[in-house]
Amino acid sequence: ELLSNENVKVTLTFSEEIKVLDGWTKKSNIEYEKIYTKEYKEEVITFKDLVSLENTYEFTVDAKSPEITLNKENITLEEDKDEFVEPEFEIKEDSKYTKELLSGEVNTHKVGTYILKYRITDEVGNYTEKEVTIALEETP
């Protein structure tokens, strides 16, 4: 099962009572909980029922937001001369992701400062936001 959102609470509910799961909080005789924070982890747990039959359960926890590095966080352009090209991102992510412009636009015909806000979201919903400042100056 793939889980997300930076702090992930995993609850395991068994059909019968089991022996203690190390590293997990016992909620009842059949229910255990564990919280994962800001990590991506493939977990394999081994547990025993009351007659010592051993079972395993595998799952993946994705509680890690994508890491973003911009080639430039501040860009300077000249009015009516330079064309705006979307900034390049280096994105470190273990799964597929999408990039979207949340706010802002650049008018290359009007001097001013423009702030663009981007969001990178991985396939399970973890996201990171980054702002880019564009300064449009008068052409000399």
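Each Lys or Arg adds one and each Asp or Glu takes one away; over the other residues whose Cβ falls under 10 Å from the Cβ of Val111, this sums to -4.
Taking amide H as placed 1.01 Å from N in the peptide plane, the amide H of Ile75 sits under 5 Å from that of Thr133, Ile134, Ala135, each at least 5 places away or on another chain.
Computed over the alpha-carbon atoms, the chain gives an Rg to Rh ratio of 1.28, Rh here being the Kirkwood radius from the mean inverse distance. Charge tally around Glu86: other residues with Cβ under 15 Å, Lys/Arg +1 each, Asp/Glu -1 each, net -3. Loop-located trypsin sites (Lys or Arg not before Pro) in region 31-140 (DSSP state not H, G, I, E or B) with no more than 16 neighbouring Cβ atoms inside 10 Å: Lys38, Lys72, Lys81, Lys96, Lys110. Remark on Ala63: its backbone amide H falls under 5 Å from those of Glu39, Tyr40, Lys41, a criterion applied only to residues 5 or more positions apart or on other chains, H modelled at 1.01 Å from N. Charge dipole of the chain (Cα centre as origin; +1 on each Lys and Arg Cβ, -1 on each Asp and Glu Cβ, all else neutral): 640 debye, rounded to the nearest 20. Within the accessible surface of the chain, defined with a 1.4 Å probe on protein heavy atoms only, the carbon and sulfur portion equals 42 percent.
Taking GluC sites (Glu not before Pro) across region 50-100, the ones in a DSSP loop with at most 13 further Cβ atoms lying within 10 angstrom of their Cβ are Glu73, Glu83, Glu88.
The values are calculated or read from the model by the stated rules, or taken from the named source; none is laboratory data. No experiment lies behind these values; they were computed from the predicted model shown. FYI the Cβ positions are ideal-geometry reconstructions off the backbone, even for glycines, and counts take in every protein chain you see. We work out accessible area using only protein heavy atoms, side chains counted, and drop any ligands, DNA or RNA first. Shrake-Rupley method; radii C 1.70, N 1.55, O 1.52, S 1.80 Å.
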